[in-house]
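As structure tokens, the structure follows; a few thoughts come after it.
The values are calculated or read from the model by the stated rules, or taken from the named source; none is laboratory data. Fair warning: this is a prediction, and the values are worked out from it, not measured in the lab. Ideal geometry is used to build each Cβ from the backbone, glycine not excepted, and the neighbour counts take in all protein chains shown. Just the protein is used for accessible areas: all its heavy atoms, side chains included, with ligands, DNA and RNA removed. Shrake-Rupley method; radii C 1.70, N 1.55, O 1.52, S 1.80 Å.
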Amino acid sequence: MAAALARLSRRTLADPSRLLPLRRLLSAEAAAPAVSPAAGQPLTPSDRVKWDYRGQRRIIPLGQWVPNIAVDAYVAPNVVLAGQVTVCDGASVWNGAVLRGDLNKITVGFCSNVQERCVLHAAWKSPTGLPAETLVERYVTVGAYSLLRSCTIEPECIIGQHSILMEGSLVETNSILESGSVLPPGRRIPTGELWAGNPARFVRKLTHEEILEIPKLAVAINDLMQSHFSEFLPYSTVYLEVEKMKKALSISL
């Protein structure tokens, strides 16, 4: 939508003939007194509708629970965090992800990353008796389009894209779950192993070199996050094009 608005404003400013109908409309509206339908009184300038660039809400409090985001954590503008969600230092949550902590806690640990379109949720309780909160510990990479529900991922793990981790599942430290895998409820991936499939099964032991690469991937994504973080603006850059149009049309709102 931002790109479409920018293109429209550029086309409008480039062709002065397109500005005439809009100028006439605005001048007619300015000449006519604005009347409040409820009170029957003219509206003051402060009552008029103002430009609003906020768009989608990222932070959604639920009752007493408010999402907690560390100062140096990156949460993309179109991410939704609701309820009992904690994003720790150096962590990143990428575009389109949804972390819904309405029933239980969700934690994204230090230098971990939850990539595009992931969904993290948590149940009231786990039928296996294991913790029902969703815990992603430090140096974990969660691939795009993954679904995590009431599971625990220990430090230095990789969850491949399009993976599903169900209630009570556990991924122990220094482990990898291949892309497109499904980890059933209560299933455990032991430390230092590679699992894959639907349902996920043991494939082989990880080599020492592969284990060393797991935290390096999380650090590399953290470095990439810095470039996105430096360009991040809460209200995007659409306001620049809108301000140009307002100036060209002599609109004062």
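Look through region 67-84, keep the residues that are assigned to a loop (DSSP other than H, G, I, E, B) and in contact with a Gly (Cβ under 8 Å, 6 or more places away or on another chain), and return whichever of them is farthest from LEU120 (Cα to Cα). Break it down stepwise before answering.
Start the filter on region 67-84 by keeping residues that are assigned to a loop (DSSP other than H, G, I, E, B), which leaves 67, 70-73, 76-79.
Pick out the ones that are also in contact with a Gly (Cβ under 8 Å, 6 or more places away or on another chain) and you get 67, 70, 72-73, 76-79.
Numbers: PRO67: 14, ALA70: 18, ASP72: 21, ALA73: 17, ALA76: 15, PRO77: 17, ASN78: 15, VAL79: 12 Å.
My answer is ASP72.
Answer yes or no: is there a residue in region 115-137 that is within 19 Å of LEU224 (Cα to Cα), open to solvent by less than 40 Å² (accessible area, probe 1.4 Å) and in contact with a Ser or Thr (Cβ under 8 Å, 6 or more places away or on another chain). Before you say what the answer is, go through the steps one by one.
Going through region 115-137, the residues within 19 Å of LEU224 (Cα to Cα) turn out to be 115-118.
Then keep just the ones that are open to solvent by less than 40 Å² (accessible area, probe 1.4 Å); that gives 115, 118.
Restricting the remaining residues to those that are in contact with a Ser or Thr (Cβ under 8 Å, 6 or more places away or on another chain) gives 115, 118.
Checking region 115-137: at least one residue is within 19 Å of LEU224 (Cα to Cα), open to solvent by less than 40 Å² (accessible area, probe 1.4 Å) and in contact with a Ser or Thr (Cβ under 8 Å, 6 or more places away or on another chain).
So which residues in region 153-179 are open to solvent by 30 Å² or more (accessible area, probe 1.4 Å), outside any loop (DSSP other than H, G, I, E, B) and out of contact with any helix residue (DSSP H, G or I) (no Cβ under 9 Å at 6 or more places or on another chain)?
Answer for region 153-179, where residues must be open to solvent by 30 Å² or more (accessible area, probe 1.4 Å), outside any loop (DSSP other than H, G, I, E, B) and out of contact with any helix residue (DSSP H, G or I) (no Cβ under 9 Å at 6 or more places or on another chain): ILE164, LEU170.
I want to confirm something. Restricting to region 33-80 and keeping residues that are among the aromatic types (Phe, Trp, Tyr) and open to solvent by 60 Å² or more (accessible area, probe 1.4 Å), which single residue is modelled with the highest pLDDT? Before you say what the answer is, go through the steps one by one.
Narrowing region 33-80 to residues among the aromatic types (Phe, Trp, Tyr): 51, 53, 65, 74.
Filter again for open to solvent by 60 Å² or more (accessible area, probe 1.4 Å), leaving 51, 53, 65.
On the way: TRP51: 50, TYR53: 50, TRP65: 91.
Among residues in region 33-80 that are among the aromatic types (Phe, Trp, Tyr) and open to solvent by 60 Å² or more (accessible area, probe 1.4 Å), the one modelled with the highest pLDDT is TRP65.
Find the residue count for region 138-152, including only residues that are in contact with a helix residue (DSSP H, G or I) (Cβ under 6 Å, 6 or more places away or on another chain) and open to solvent by 10 Å² or more (accessible area, probe 1.4 Å).
Let us first name the residues in region 138-152 that are in contact with a helix residue (DSSP H, G or I) (Cβ under 6 Å, 6 or more places away or on another chain), namely 139, 141.
Now drop any that are not open to solvent by 10 Å² or more (accessible area, probe 1.4 Å), which leaves 139.
Adding up the residues that qualify gives 1.
If I ask for residues that are part of a loop (DSSP other than H, G, I, E, B), under 19 Å from GLU133 (Cα atoms) and open to solvent by 30 Å² or more (accessible area, probe 1.4 Å), which ones from region 180-191 would you list? Before you say what the answer is, go through the steps one by one.
Taking region 180-191 first, the residues part of a loop (DSSP other than H, G, I, E, B) are 180-181, 184-187, 190-191.
After this cut, where a residue has to be under 19 Å from GLU133 (Cα atoms) as well, the list is 184-187.
Across region 180-191, the qualifying residues are PRO185, GLY186, ARG187.
For every residue, the table says whether it meets (1) surrounded by 15 or more Cβ atoms within 10 Å (Cβ to Cβ); (2) of a type in the set (Gly, Ala, Ser); (3) in a strand (DSSP E or B); (4) at pLDDT 95 or above.
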site	(1), (2), (3), (4)
ARG204	no, no, yes, yes
LEU212	no, no, no, yes
GLU241	yes, no, no, no
LEU253	no, no, no, no
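Can you tell me which of (1) over 20 Å from ASP223 (Cβ atoms); (2) open to solvent by 10 Å² or more (accessible area, probe 1.4 Å); (3) not charged (D, E, K, R) is the one ILE106 doesn't meet?
Tallying (1) over 20 Å from ASP223 (Cβ atoms); (2) open to solvent by 10 Å² or more (accessible area, probe 1.4 Å); (3) not charged (D, E, K, R), ILE106 fails exactly one: (2).
Can you find, within region 89-103, the residue that is nearest to LYS216 (Cα to Cα) among those that are open to solvent by 40 Å² or more (accessible area, probe 1.4 Å) and hydrophobic (A, V, I, L, M, F, W, C)?
VAL98
Listed residues ALA200, ALA248, ALA196; which is modelled with pLDDT under 90, surrounded by 14 or more Cβ atoms within 10 Å (Cβ to Cβ) and either under 25 Å from PRO131 (Cα atoms) or in contact with a helix residue (DSSP H, G or I) (Cβ under 6 Å, 6 or more places away or on another chain) (or both)?
Working: ALA200 fails: modelled with pLDDT under 90; ALA196 fails: modelled with pLDDT under 90.
Exactly one of ALA200, ALA248, ALA196 is modelled with pLDDT under 90, surrounded by 14 or more Cβ atoms within 10 Å (Cβ to Cβ) and either under 25 Å from PRO131 (Cα atoms) or in contact with a helix residue (DSSP H, G or I) (Cβ under 6 Å, 6 or more places away or on another chain) (or both), namely ALA248.
With the checklist (1) outside any strand (DSSP E or B); (2) surrounded by fewer than 17 Cβ atoms within 10 Å (Cβ to Cβ); (3) touching a residue at least 12 places away in the same chain (Cβ under 8 Å) in hand, flag the one item LEU224 doesn't pass.
Evaluating LEU224 over (1) outside any strand (DSSP E or B); (2) surrounded by fewer than 17 Cβ atoms within 10 Å (Cβ to Cβ); (3) touching a residue at least 12 places away in the same chain (Cβ under 8 Å) leaves (3) as the failure.
Among the residues of region 61-98, what is the count of those that are under 14 Å from THR134 (Cβ atoms) and among the small types (Gly, Ala, Ser)?
Final tally of qualifying residues: 4.
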